[in-house]
Amino acid sequence: MCIRDRLKGLQDLDSEISTYRTRIEELPNIIASLKQELKTIQGLITGLQEQIKELEIEHKVRELKLKEEEESIKLAEEKLLVVKTNKEYEAALKEITDHRKKNSALEDSLLSLMDQLDTLRKEIEDNQGLLSEKTSENTEQIESLTRENEDLFGKMQVLQGERETFAKHLSRDELRRYELMITRTHGPVVVRVEKGICSGCHINLPPQLFNELMRDRDLKTCPNCSRMIYFQNDEGEEAV
């Protein structure tokens, strides 16, 4: 196997390893997002439950005030029966009227609180249904992603073993140059020349260099991007 084929093989392995590694790095974030979705829904339910507690306390307070107002009306009505002057009678009537206004306002507020409580309870019911659905769905996804992570990690270890074998067939200088180019280009290092153009940087090669590539199997260096280049025609036939 010539150096070109060894480097191309190494590059193919690195590309596959990189794909697996990228996916493995993505999976924890996806899993965390699925877990966070469930926490968010649960947090919403907890918040709604706290609102219900506060409204229920307020409802009890207003019920007590309503009872107090009803007792005050009874007392005022009893007082009305024993007044002796018109002034006392008018004062008792005004007291009854004032208490009835307060009573009416409290009744309206209690109805409003009951409506709010019904709305909140319905929201909790809806979100609990959503939480149940999402818990089942997300748990299944998390288990699937966890299995995928283990599978990819195993495959990547196998590929890394194959890479080590490929790397042993390269000289120290060849491997060093290849790995240095990877850090610089963040992409393919060994690239095909198509119709006199480097497929790495898409720049035309000097005619003499292109002719040399067409005559032999040696790797050349692109004068523009420094990638290692080889010739292959449109039918996939390489230089011989």
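A count restricted to the stretch 92-117 and to residues that are more than 60 Å from the chain's Cα centre (by Cα) and surrounded by 15 or more Cβ atoms within 10 Å (Cβ to Cβ) stands at 3.
Among the listed residues S171, S136, S132, identify the single one that is within 25 Å of C222 (Cα to Cα) and among the polar types (S, T, N, Q).
Result of the check over S171, S136, S132: S171.
Scanning the stretch 141-180 for residues that are under 34 Å from the mean Cα position of the chain (by Cα), without any contact (Cβ under 8 Å) to a residue 60 or more places away in the chain and under 23 Å from Y230 (Cα atoms) gives a single hit, E179.
Report, by residue number, each residue of the stretch 8-22 that is among the charged types (D, E, K, R) and open to solvent by 70 Å² or more (accessible area, probe 1.4 Å).
To start, the set of residues in the stretch 8-22 that are among the charged types (D, E, K, R) comprises 8, 12, 14, 16, 21.
Of everything in the stretch 8-22, those that are among the charged types (D, E, K, R) and open to solvent by 70 Å² or more (accessible area, probe 1.4 Å) turn out to be D12, E16, R21.
Just checking, which of E77, E69, E63 is of a type outside the set (G, A, S), more than 30 Å from the chain's Cα centre (by Cα) and surrounded by 15 or more Cβ atoms within 10 Å (Cβ to Cβ)? Checking each option against the conditions leaves just E69.
Among residues of the stretch 188-200 that are open to solvent by less than 60 Å² (accessible area, probe 1.4 Å), those with a beta-carbon under 6 Å from a residue that is hydroxyl-bearing (S, T, Y) at least six positions away or on a different chain give the pairs V189/Y178; V191/S199; R192/S199. Looking only at the stretch 5-24, decide whether some residue is over 30 Å from T221 (Cα atoms) and under 56 Å from the mean Cα position of the chain (by Cα). Yes, the stretch 5-24 contains at least one residue that is over 30 Å from T221 (Cα atoms) and under 56 Å from the mean Cα position of the chain (by Cα).
Among the residues making up the stretch 202-220, those that are assigned to a loop (DSSP other than H, G, I, E, B) and in contact with a Lys or Arg (Cβ under 7 Å, 6 or more places away or on another chain) are R217, L219.
The values are calculated or read from the model by the stated rules, or taken from the named source; none is laboratory data. Predicted model only: the values in this text are computed from it and were never measured. All Cβ positions, even for glycine, are placed from backbone atoms using ideal geometry, and neighbour counts span all protein chains on display. What goes into the accessible areas is simple: the full protein's heavy atoms, side chains included, and nothing from ligands, DNA or RNA. Shrake-Rupley method; radii C 1.70, N 1.55, O 1.52, S 1.80 Å.
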